[in-house]
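The values are calculated or read from the model by the stated rules, or taken from the named source; none is laboratory data. Owing to the predicted nature of the structure, the values given are computational and were not obtained by experimental measurement. We place every Cβ from the backbone using ideal geometry, glycine too, and count neighbours over all the protein chains shown. These accessible areas exclude ligands, DNA and RNA; they are computed on the full protein's heavy atoms, side chains included. Shrake-Rupley method; radii C 1.70, N 1.55, O 1.52, S 1.80 Å.
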Amino acid sequence: MSRLLFLALLSVSFSASAIVIRDDVDDSKYRAPVSEFPALADLPGEGHGVLIATRWVVTAAHAVAWQPQIKQITINGIPRDVERLVMHPGHKTPSQKLLDQALATWDWTLFRVLLASSDDIALIELTQPVTDVAPAAINKGDDEFGQIVKIIGRGATGNGATGYEFSDPHRTELRRAYNKITSADDRWLCYIFDKPSDALPLEGGSGSGDSGGPILIQTGKDWLLAGLTSWSDVQSTIRTPGRYGQISCNVRLSNYNDWIESVIYRQPQAGG
């Protein structure tokens with residue numbers, strides 16, 4: 001995928017989660033220390049992943065599709081060399097023709113259909129195991145609907161009243177926010193960025209720059225990795241992303257447990 005197409009996807013549909021906050025809550029309340037989630041991985045330039053095994057990071061496929069020869073990522077402030085990238089075979093990349101049509105008319109119907117049918121997940125194998133950070137545990141259940149989730153990222157930011165500009169920096173300070181899952185089925189977990197009258201105290205939505213960032217569900221005292229930020233529904237009448245009412249859809253990891261395990265725990269073939 002060309003760099004131009006990748007940037008257009010990030011700007012228009014893939015929201016690559018950073019944290020867009022309520023306009024009536026001070027930004028300082030959304031700031032988070034690195035220690036809150038040390039398993040967060042930074043991809044080169046922008047985008048995230050999550051350490052889920054000592055040598056494996058899971059991320060959104062579109063965040064790495066434009067850089068298949070990725071050599072290094074950063075976890076806990078330390079560069080880690082990459083052994084290989086494993087893309088899900090069901091990942092689909094929108095064509096340039098479809099993108100051009102959508103940009104010309106602002107009709108994103110077929111673009112959204114393609115996104116919704118794509119498996120937006122990939123695995124990154126590291127050359128050496130990570131020993132200074134505990135891998136995040138993946139949520140194995142399928143009871144995400146109606147649950148409160150925590151969103152973490154350090155991409156573009158803004159607030160729900162004004163949104164943010166496509167040209168804003170896609171890597172900023174680490175933030176976290178909360179939201180409520182409004183739909184969960186098959187590949188996707190989705191939530192709505194509600195206006196303050198209907199919102200959680202630290203409600204937030206997705207922005208640009210952190211595709212592959214974690215969506216966490218609390219189980220007892222633990223936060224489990226339930227999803228990865230992927231894309232947001234385009235608001236056809238308001239061409240500014242990040243405003244109240246934006247719907248964000250995230251890779252639902254409970255749908256991919258078998259695929260993840262088949263890659264991570266695959267045994268070498270005899271003679272191979």
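Points worth noting:
- Residue check, ALA61 of a type in the set (A, V, I, L, M, F, W, C) and within 22 Å of VAL133 (Cα to Cα): no
- Filtered residue count, the range 112-144, keeping only those that are under 24 Å from GLY220 (Cβ atoms) and without any contact (Cβ under 8 Å) to a residue 40 or more places away in the chain: 1
- Per-region count, the range 31-73, residues closer than 16 Å to ILE264 by Cα, out of contact with any Gly (no Cβ under 9 Å at 6 or more places or on another chain) and not β-branched (Val, Ile, Thr): 4
- Sole exception among (1) buried (at least 17 other Cβ atoms within 10 Å of the Cβ); (2) at pLDDT below 90; (3) closer than 27 Å to ASN179 by Cα for VAL34, by number: (1)
- From SER183, SER206, SER232, residue being modelled with pLDDT under 90 and under 14 Å from VAL149 (Cβ atoms): SER206
- Subset of the range 182-221 that is more than 22 Å from SER28 (Cβ to Cβ), polar (S, T, N, Q) and not in a strand (DSSP E or B) - its residue that is least open to solvent (accessible area, probe 1.4 Å): SER211
- Residue within the range 128-136 that is out of contact with any Asp or Glu (no Cβ under 7 Å at 6 or more places or on another chain) and modelled with pLDDT under 95 present: no
- Residues of the range 69-99 that turn out to be among the acidic types (Asp, Glu) and open to solvent by less than 70 Å² (accessible area, probe 1.4 Å), as a count: 0
- For ALA102, the stated conditions hold: it is outside any strand (DSSP E or B) and open to solvent by less than 10 Å² (accessible area, probe 1.4 Å).
- Hits in the range 42-61 - residues which are over 20 Å from LEU189 (Cα atoms) and either free of Cβ contacts under 8 Å to residues at least 60 places away in the same chain or of a type outside the set (A, V, I, L, M, F, W, C) (or both): ASP42, PRO44, GLY45, GLU46, THR54, ARG55
- Filtered residues of the range 67-110 (kept if touching a residue at least 40 places away in the same chain (Cβ under 8 Å), within 22 Å of VAL251 (Cβ to Cβ) and of a type in the set (S, T, N, Q)): THR93
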